[in-house]
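Here's the structure we're looking at; comments come further down.
The values are calculated or read from the model by the stated rules, or taken from the named source; none is laboratory data. In this text, all values refer to a predicted model and were calculated from it rather than measured experimentally. No Cβ is skipped: glycine too gets one built from the backbone with ideal geometry, and neighbour counts run over all protein chains shown. Remember, those area values only see protein heavy atoms, side chains included, never the ligands or the DNA or RNA. Shrake-Rupley method; radii C 1.70, N 1.55, O 1.52, S 1.80 Å.
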Amino acid sequence: MPLSFATTRTPSSLNYIFEDVEVTYPMVVMNGSAIYYFDKNEYHNINKIDDKTEKYIENCLDKYNINAFRYIIDDNMLHCFYKKINNAGELKYYQDRRANKFDNFVRAELLDELDISLYIIIDTKEKIEMLCEDIYHSSYTSNVDLVTYKYDECEGDYWYLKINSINSRKEKLVNVMKEMNSFNKLIVTPISP
């Protein structure tokens, strides 16, 4: 029976999970930002945050002095751009993901022509809530999907905020995969992020 997954994770963080497993079917990754083929190392159906919304989010990040990990898919490669490491939560996230074969972290300003598919922001609950409030009360709120939860992998009051394009829906890409592969069953199991 063919088996596939839909997850909030990036292929880089999935790499160690499927290290000894031959994955032959595509997966929905990054909360619906793309479909990834492990066997071909290819991204398909890539969703990106539009330029105006991205500019607004960047202004909000500057306003609150919040760092972000900016995931982009360019030339069939996933890169994570960041400017600095501000706190222990970000450092833990960076160190855990840096130690794999994808090795895709780039400390640099993002070029204007590169489009962001996913923001990962790790900060205190207070800062995450302020950022979310700004986005919720802006004219850009209908362009993005925000997901927040406690970052349990690190001590302290650190929270995740994941920002995707509103078009990045796991359900949407699962349906695309069902049609591509003639899947007729879908089983959903809840797991912690």
Exercise for review: Scan region 136-156 for residues that are part of a loop (DSSP other than H, G, I, E, B) and out of contact with any strand residue (DSSP E or B) (no Cβ under 6 Å at 6 or more places or on another chain) and report the count.
Suggested key: 9
Practice item. Those residues that are touching a residue at least 24 places away in the same chain (Cβ under 8 Å), part of a loop (DSSP other than H, G, I, E, B) and open to solvent by 10 Å² or more (accessible area, probe 1.4 Å), I need them from region 11-46; list them, please. Key: N15, Y16, Y25, F38, N41, N45, I46
Practice item. Can you tell me which residue within region 47-56, out of those that are open to solvent by less than 30 Å² (accessible area, probe 1.4 Å) and under 15 Å from the mean Cα position of the chain (by Cα), is farthest from L91 (Cα to Cα)? Key: N47
**Study point:** Cross-chain or 6+ apart pairs with Cβ under 6 Å, region 127-142 first and among the hydroxyl-bearing types (S, T, Y), then part of a helix (DSSP H, G or I) and open to solvent by 80 Å² or more (accessible area, probe 1.4 Å)
**Key:** none
Study note, to complete from the structure: If we keep only residues of region 79-104 that are among the hydrophobic types (A, V, I, L, M, F, W, C) and modelled with pLDDT of 90 or more, then the residue surrounded by the most Cβ atoms within 10 Å (Cβ to Cβ) is C80
Review point. Does I66 count as in a loop (DSSP other than H, G, I, E, B) and within 20 Å of N164 (Cα to Cα)?
Key: yes
**Study point:** Residue count, region 103-126 (criterion: outside any loop (DSSP other than H, G, I, E, B) and touching a residue at least 60 places away in the same chain (Cβ under 8 Å))
**Key:** 5
